[in-house]
Amino acid sequence: MRPDLRIEGVDVLVRGGTPIPVRQFDGRQLPFADGEFDVSMAVDVFHHAADPEVLMAEMKRVSRGNLVIKDHFAHKALSRLVLRAMDWVGNAPHGVRLPYNYWTEAEWRAVWARGGVRPAAIIRRLHLYPFPVSLICDSNLHFLATLEPMR
């Protein structure tokens, strides 16, 4: 619908049938040139990464502008258990690495600051699940953030 846009994906586990081109990725260095994209985006990636801060730096390197991240906030011990269960159900059957790296909002903000980005916007309620599953699986566990480079 938008031939003027180029969307490319990377993954450590490339599977067939993807709606966009997906390249193999080592989990650390993005296979793109500096500033190759207007925006870089990671959806439910950071809690799987071996070194999330390296990945953040790579996203910033390949982007001329903002970063978009959808991931999770861990608030309390119970939220970590719910996130682990959701992660295991959705990913273990596919062989996805499960280090269960869930951060509090304060930890995310510290990583963003060290990475030289700051939130331009954060959405904390994404309404991803229908009722009654939403009572357990939404409850402020997910966020979507647009990050801008600090000047």
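Read-outs: derived from the displayed coordinates by stated rules, not from any lab. Bear in mind that the values here come from a model prediction, so they are computed numbers and not experimental data. We place every Cβ from the backbone using ideal geometry, glycine too, and count neighbours over all the protein chains shown.
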Exercise for the section: Determine, from the Cβ-Cβ distance of Leu5 and Cys137 and an R0 of 25 Å, the FRET efficiency 1/(1 + (r/R0)^6), rounded to the nearest 0.05. Expected result: 0.20
Practice task
Specify whether the C-alpha gyration tensor of the range 81-122 places it in the rounded, prolate or oblate class, a ≥ b ≥ c being the square roots of the eigenvalues: rounded for a/c under 1.5, otherwise prolate if a/b is larger than b/c and oblate if not.
Solution key: prolate
Practice task
About the Cα centre of the chain, how large is the charge dipole given +1 on each Lys and Arg Cβ and -1 on each Asp and Glu Cβ? Please answer in debye to the nearest 20.
Solution key: 260
Problem - Ranking of Met56, Met150 by count of other Cβ atoms within 10 Å, fewest first - result: Met150, Met56
Handout entry: Sparse-neighbourhood loop sites, chymotrypsin sites (Phe, Trp or Tyr not before Pro) in the range 53-126 - DSSP loop, at most 16 other Cβ within 10 angstrom
Key = Tyr100
Practice task
Would you work out the relative contact order for the chain, in percent, from Cα pairs under 8 angstrom that are 6 or more residues apart?
Solution key: 22
Problem - Residue list for the range 21-39, given a label point 7 angstrom along the Cα-to-Cβ vector of Val12 and an amide N cut-off under 19 Å - result: 22-32
Fill in the blank from the handout: Length gained, Leu144-Asp34, 0.36 nm per residue minus C-alpha separation, equals 37.2 nm
Handout entry: DSSP-assigned coil residues among trypsin sites (Lys or Arg not before Pro) in the range 85-132, each with at most 16 further Cβ atoms within 10 Å
Key = Arg97, Arg124, Arg125
Handout entry: Nearest-ten-degree value, helix 52-62 long axis tilted from longest Cα axis of the chain
Key = 30
Exercise for the section: List Ile123, Ile20 from most exposed to least, where exposure is judged by having the fewest other Cβ atoms within 10 Å. Expected result: Ile20, Ile123
Problem - Average silhouette area of the chain, convex hull of alpha-carbon atoms, in square nanometres - result: 9.9
Problem - In degrees, nearest ten, helix 77-91 long axis to first principal axis of the chain (Cα) - result: 60
